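*Asks:* My questions will all concern the structure given below.
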Amino acid sequence: MNYLFAKKYNPSYDTFILRCFRANGIQIDEDTTFESAESITEGFERKYVASAKGSADYYYVLRKKMTLYENLFWDYVIAWRRHIQVRPSLYHWLEAALGKPYLDLRTLRELESELPHGDGQLLFTAEEIAQDISDFYRRRVRHPLKRDIDGGRVRELWKYLLPQEIEKLPSSRRVGFEAAEGAILKTANELLQWLGGITPHNVLVDINGIITLHFDNPEHMKLERKDPHGEERIWNCEHSSELLTLLVHREVDDRRLDMIFMPLRGSQLVEEGWYEISFPFYYPREVENNTKED
């Protein structure tokens, strides 16, 4: 099977997200600052419930009176507040702005064709994604790990390890502090050496392998609760390789699979508030054999 991929964070989404806001009366463009965007939401408050401010049902009243896109923009600004240096140019905001619960390959291609020439892209090949993930492991995992090892920051090394690797380490209560520290340092150095061997080719092999793993056993998905507190159920499964995790889910009455790729390691290294921006996620879209390539 051949796939193209959309990214979770992609500044090219702004072209369409901001366009939808403007089409619905919210004046925002690429030059709008966070402070200016926040002032727009303050305008909603003045417009709808200025006299009710401070009451217990203030935000309920506000949300009920605001339009669909005003509510969407309100939530967009809340998300932007987590990292005001960059807009939340995220895949789910693109879906929401366009009013579509799912963006198929055809839709993404049509949108991509509307981008100004040479100004970004929406779809990426497996080779491009493999390069991205290889770069992530080098810059965001291997380099910081080396700095922590070289700097003698042994207490920081836990965050680079997977739970199953931590479980194998001896307890300081059993072997003593010095031996336990030596064990984690040894494991961290082994990980550093392994990370140094990651190449885009390795990642590409893993991408193809993990997709094959899923489709080779179609009966493995489990019917689980969509929400821990709800009754609705959904088909779910998860696959992991040395480098990647693949999450797959399918609505009970829908044949379409929703899949998301991500690196197996590194999520715990992302600065608080920057998870969706800095940690790479990818949405595969299958290219049918009879689909004409651009």
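The values are calculated or read from the model by the stated rules, or taken from the named source; none is laboratory data. Everything quoted here is computed from the prediction, not taken from an experiment. When we count neighbours, we look across all protein chains shown, and the Cβ atoms used for this are built from the backbone with ideal geometry, even at glycine. Ligands, DNA and RNA are stripped out before the accessible areas are found, and what is left, the full protein with its side chains, is counted by its heavy atoms. Shrake-Rupley method; radii C 1.70, N 1.55, O 1.52, S 1.80 Å.
*Asks:* Round to the nearest 0.05 the FRET efficiency obtained for ASN71 and ARG155 when R0 = 41 Å and r is the Cβ-Cβ distance. Walk me through the numbers before you get to the answer.
*Replies:* On the way: r = 44 Å, r/R0 = 1.08.
Rounded to the nearest 0.05, the efficiency is 0.40.
*Asks:* Excluding LEU185 itself, what net charge comes from residues whose Cβ is under 15 Å from its Cβ, given Lys and Arg +1 and Asp and Glu -1?
*Replies:* Working: positive: LYS146, ARG147, ARG153, ARG155, LYS159, LYS168, LYS186; negative: ASP148, ASP150, GLU156, GLU165, GLU178, GLU181, GLU190.
Every neighbour counted, the sum reads 0.
*Asks:* Kindly report, to the nearest 10 Å², the accessible surface of SER171 as traced by a 1.4 Å probe over protein heavy atoms only.
*Replies:* 50 Å²
*Asks:* Which whole-angstrom value gives the distance between the alpha carbon centres of segment 214-264 and segment 104-180?
*Replies:* Here the two parts' Cα centres lie 22 Å apart.
*Asks:* Using Cα springs under 10 Å in a Gaussian network model of the chain, which residue among TYR59, TYR160, TYR91 shows the largest mean-square fluctuation?
*Replies:* Answer for the Gaussian network model of the chain: TYR59.
*Asks:* Next question. Please work out the FRET efficiency for the pair SER113 and THR32, using the Cβ-Cβ distance as r and a Förster radius of 35 Å; give the result to the nearest 0.05. It would help to have the intermediate numbers written out before the result.
*Replies:* Working: r = 25 Å, r/R0 = 0.73.
Step by step, r from the Cβ atoms, then E = 0.85.
*Asks:* May I pose another question? When only the heavy atoms of the protein chains count and the probe is 1.4 Å, how do ARG256, ARG173 rank by accessible area, highest first?
*Replies:* ARG173, ARG256
*Asks:* Ordering TRP274, TRP74, TRP235, TRP80 from largest to smallest accessible area (1.4 angstrom probe), what's the sequence?
*Replies:* Values: TRP274 50, TRP74 30, TRP235 75, TRP80 10 Å².
My answer, sorted largest first, is TRP235, TRP274, TRP74, TRP80.
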